[in-house]
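Beneath this line is the structure, given in structure tokens, with notes to follow.
The values are calculated or read from the model by the stated rules, or taken from the named source; none is laboratory data. All figures in this text were calculated on a predicted structure; none of them were measured in a lab. Cβ coordinates were reconstructed from backbone atoms using ideal geometry, including for glycine residues, and neighbour counts include every protein chain displayed. Surface areas here come from the heavy atoms of the whole protein model, side chains and all, with no ligands, DNA or RNA. Shrake-Rupley method; radii C 1.70, N 1.55, O 1.52, S 1.80 Å.
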Amino acid sequence: QVQLVESGGGLVQPGGSLRLSCALSGDIYSIEAMAWYRQAPGKQRELVATLTTGGSTNYADSVKGRFTISRDSAKGPVYLQMNSLKPDDTAVYYCRVYLRNKYYWGQGTRVTVSS
């Protein structure tokens, strides 16, 4: 099993930046893939970015060029650097990892982009 705790959300003005963190504990060395999702009010949860243990990344078209998913080490947190934020980026952001044929989710961190 693995436990995930997101942090770093908050209120930011349009054009601003935030960095979200997803702290991991438990069987972290068995993690095969990591991702950030988000869910805006009244909308379905959507994939934002993915990162494999091999270093491959993928992004939703809506965030390409603005967001970066990363991880500094095999035991470190997963980050989501968000730049040039827009009001449409307002959502609860969730971290998800995949290992041993199961997905694990964090509790989410809220991001509000507003002037």
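What the table below lists for this structure:
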| quantity | calculated |
| --- | --- |
| Test for TYR79: is it under 23 Å from LYS43 (Cβ atoms), touching a strand residue (DSSP E or B) at 6+ places or on another chain (Cβ under 8 Å), of a type in the set (Ser, Thr, Tyr) and outside any loop (DSSP other than H, G, I, E, B) | no |
| Pick from the stretch 59-75, criterion surrounded by 14 or more Cβ atoms within 10 Å (Cβ to Cβ) and not hydroxyl-bearing (Ser, Thr, Tyr), ranking: nearest to TYR94 (Cα to Cα) | ILE69 |
| Leading residue by the ranking (nearest to VAL97 (Cα to Cα)) among those in the stretch 41-58 that are open to solvent by 50 Å² or more (accessible area, probe 1.4 Å) and in a strand (DSSP E or B) | THR52 |
| Counted residues, the stretch 1-29 - those being open to solvent by less than 30 Å² (accessible area, probe 1.4 Å) and small (Gly, Ala, Ser) | 3 |
| In the stretch 76-85, residue nearest to SER25 (Cα to Cα) [restricted to those that are out of contact with any Cys (no Cβ under 7 Å at 6 or more places or on another chain) and surrounded by 16 or more Cβ atoms within 10 Å (Cβ to Cβ)] | TYR79 |
